[in-house]
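What follows draws every value from the coordinates through simple rules; no lab data is involved. What you see is a predicted model; the values in this text were computed from it and never measured. Glycine gets a Cβ as well: all are built from the backbone with ideal geometry, and neighbour counts include every protein chain shown.
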Amino acid sequence: MSPRGQFALREIGLEDKVLAQGILAKGRIVHDGKGNKFRSPYNEKGEGIVSLRRTRLNAFLIQEAEETYKIPFHFRHTFERCDTSDQHGAPTTVCVFRNTSGEKETMVKAQADLVIGSDGAHSVVRQDLQNKRKIGMFQQEYHDHGYMELVVPSGNDGQPQMELDMLHIWPRGEFMLITFPNLDNTFSGTLFMPFEKLDEVMQGEEVLLKFFNAEFPDLVRLVGESYLKRHFVEKKKRPGRLISNKVEPYHADNIVLIGDAAHAMVPFYGQGMNAGFEDCLILDRIFQKYGHSKANLGRVLKEFSRVRCKDGHAISEMAFKHYVELRSDIAGVTFYMRKFVDNMLFRLLPKTWVPEYTMVAFTDMPYSVCLKETERQSRIITSTLIFCGIAFFGILVALFFKFWVWP
């Protein structure tokens, strides 16, 4: 979780309680294929993101909602459809749920003036709106890269085996492995790679161990070959699939989509949860602007779609580009040259120049503005590096002629 997502929690007084359940990571440590490590802070201010377990956060927020705000939760109720009708000039929706919490399955109806669909990338609320042709544009992409999860345990003494205040990345060109620190001194890791390569690696014990020893020898020393065999081969783990979608608009009648239901994205910018929390904050601010009356609901939801759709599209695009950076660019010299120029300009012009990651993770600048600024700044950095390269070459030529050609 980055500060962008924390702003929403701050609004309801839960920021400190949530942050206490995670670990502050101030940057990345890049592991190359030779066992070397390179430390890469997010920025020179020492800012960081909080690594926490999603299940733990979900349980905490549900408990707070029940105890503090007296919000009831109905588990084992599967959304089926919604029927919207116009009552006295304002839409009212009846949602139908399949209740499997008792001995016998029943259908339950609930009437609502406002329905917020936050039911994930495979949203049934969104699907229901699509079936009724109330969604103008919908694109869903299943990417040809999958992922496999693993855990790096703590040491025999209970202490972490790697630096706990950093994310750890093993970039390997077309694939990568990344780990996030946990409060119990373990690390949650994920291997991302093309399905074709995953199928090759997961053929059997011998192929798997050969792959890990060749690509991640330092990681093998931390988790052990026996864990890899047990976790991937004996349990017959199957890779998860990366999915992203684009929707426009985010609303229809008195129904609005937020979170992954509206803008599922690949996880490489770590903004999925942050974008979802920001959806809540922006929707709340629009309600404060127009009021909470049923008469203004249509105006509120229309404004939310107008403001938020372009941001959802932008962060989805940036997230996939960031995958290329993490798995390959971050291991190259050019990446660090560009980062040096980026940070130098940030120091010289802090009010007019902000690095991409700082914009996205540590500010509330709209994602669409972040994307435009990133593209503009990238062109400037490229031009700067080209100019410096030409100037350096010119100096070398001048020195050559001065000392060797014209002694």
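Applying both filters, DSSP loop and at most 16 other Cβ atoms within 10 Å, to the trypsin sites (Lys or Arg not before Pro) of segment 196-226 eliminates every site.
Extending 7 Å from Cα along the Cβ direction at Gln130 and again at Glu64 yields two label points whose distance is 3.2 nm.
In terms of its alpha-carbon gyration tensor, segment 145-201 comes out prolate; a/c meets the 1.5 threshold, and the first ratio a/b outweighs b/c. Only DSSP H runs of four or more residues enter the estimate; each adds -39500 (n - 2.57), and after division by the residues of the chain the mean residue ellipticity at 222 nm equals -13500 deg cm²/dmol.
Listed from fewest to most Cβ neighbours within 10 Å, the set Met365, Met344, Met193 follows the order Met344, Met365, Met193. The ranking of Cys82, Cys388 by Cβ neighbour count inside 10 Å, starting from the fewest, reads Cys388, Cys82.
Residues whose amide H lies under 5 Å from that of Val151, counting only those 5 or more places away or on a different chain, are Gly189; hydrogens are built 1.01 Å from N in the peptide plane.
Sequence-ordered 3J(HN,Hα) estimates for segment 232-240 from the Karplus curve with 6.51, -1.76 and 1.60 and θ = phi - 60° stand at 9, 8, 5, 7, 6, 5, 10, x, x Hz, glycine and proline given as x. With Cα Rg over 2.2 N^0.38 Å as the read-out, I listed (1) 1.24; (2) 1.15; (3) 1.70; which label goes with the value calculated from this structure? So the calculated entry is the one marked (2).
A simple spin-label model places pseudo-atoms 7 Å from Cα toward Cβ; at Ile243 and Met344 they are separated by 4.6 nm. For GluC sites (Glu not before Pro), the sites in segment 29-121 that DSSP calls loop and that have at most 12 other Cβ atoms within 10 Å are Glu44, Glu103, Glu105. Pairs exceeding 25 Å between alpha-carbon atoms, taken from Lys210/Lys339; Lys197/Lys236; Lys210/Lys236; Lys26/Lys351; Lys70/Lys294; Lys34/Lys339: Lys210/Lys339.
By the scheme Lys and Arg +1, Asp and Glu -1, what is the net charge of all other residues having a beta-carbon under 12 Å from that of Glu105?
Working: positive: Arg76, Arg98, Lys104; negative: Glu80, Glu103.
It works out to a net charge of +1.
In percent, rounded to a whole number, the relative contact order of the chain is 18, using alpha-carbon pairs under 8 Å and six or more apart.
Taking other C-beta atoms within 10 Å as the exposure proxy, Tyr250, Tyr290 rank Tyr290, Tyr250 from fewest upward.
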